[in-house]
Amino acid sequence: LIDGLAVHGFRGTAAGEVSCLEVRAARGLTVRRSRFWDCEDHALRFLRHGSATAPADVVVENNVLVCCAGGVDAVSLEGDNGERWEEFLVRNNSSTGRISVSPASMIGPEVKILANVAAGFAGCMSGVIAAFNVWATGTACGASDDVAPSGFASPGSGDFELLPGAAAIDHGDPASYPATDIHGD
């Protein structure tokens, strides 16, 4: 469990991608109520490394993900190393970056992208369930997704409060939502 972590400002000094948090092998990981900002390429990057399997049984929820100095993906599920994503849930996150699932990856059971407010989504493919998201750009993946401005008050200064009338207000999954917002209200 990673709960309430704040990570920012990671920059690379050599070739390679730099993330606020990179997970190469994990089972049963939850990243919750954390803030990731101002890192080079990704806020959160998941990938397989060596003989280990790709991270599985992962929950990424209720985080603020400000993306990125050089990249565009706030949450990235990679696919260049034979990754198979299964039991992966990304929900109720607020982000200035994109959420992506590599088209080169394999999709197992229970890959869900639910009720996020983000810049966009790259990963609309068979086996990926997307619902109740608000994407600032691109196209809706799930029938209940919406493409509309994020409605954040001032994300550049870290204020992710939703402005009155924002598309994300009352747009989350009615069967599964956090009891409080990012401010504890």
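Over region 32-98, the Kirkwood radius and the radius of gyration, each from Cα atoms, give a ratio Rg/Rh of 0.98. Hydrodynamic estimate: the Kirkwood radius of the chain over Cα pairs, inserted into Stokes-Einstein at 25 °C and 0.890 mPa s, corresponds to D of 151 µm²/s. Straightening the chain between R27 and I129 buys 34.7 nm, computed as 0.36 nm per residue apart minus the Cα-Cα spacing.
On full extension, the segment bounded by E87 and T13 gains 23.2 nm, given 0.36 nm per residue less the C-alpha separation. Applying 1/(1 + (r/R0)^6) with R0 = 35 Å to the Cβ-Cβ distance of S51 and L163 gives a FRET efficiency near 0.15.
What whole-number distance in Å separates the alpha-carbon centres of region 13-57 and region 84-99? Region 13-57 and region 84-99 have Cα centres separated by 12 Å. The share of accessible area on the chain that comes from carbon and sulfur is 51 percent, using a 1.4 angstrom probe. Summary of packing: across the peptides 48-57, 28-37, 98-107, the per-residue average of other C-beta atoms within 10 Å ranks them, highest first, as 98-107, 28-37, 48-57.
The values are calculated or read from the model by the stated rules, or taken from the named source; none is laboratory data. None of the values given here were measured: they were computed from a predicted structure. So basically every Cβ, Gly included, is an ideal-geometry build from the backbone, and we count neighbours across all protein chains shown. These area figures cover heavy atoms from the full protein model, side chains too; ligands, DNA and RNA do not enter into them. Shrake-Rupley method; radii C 1.70, N 1.55, O 1.52, S 1.80 Å.
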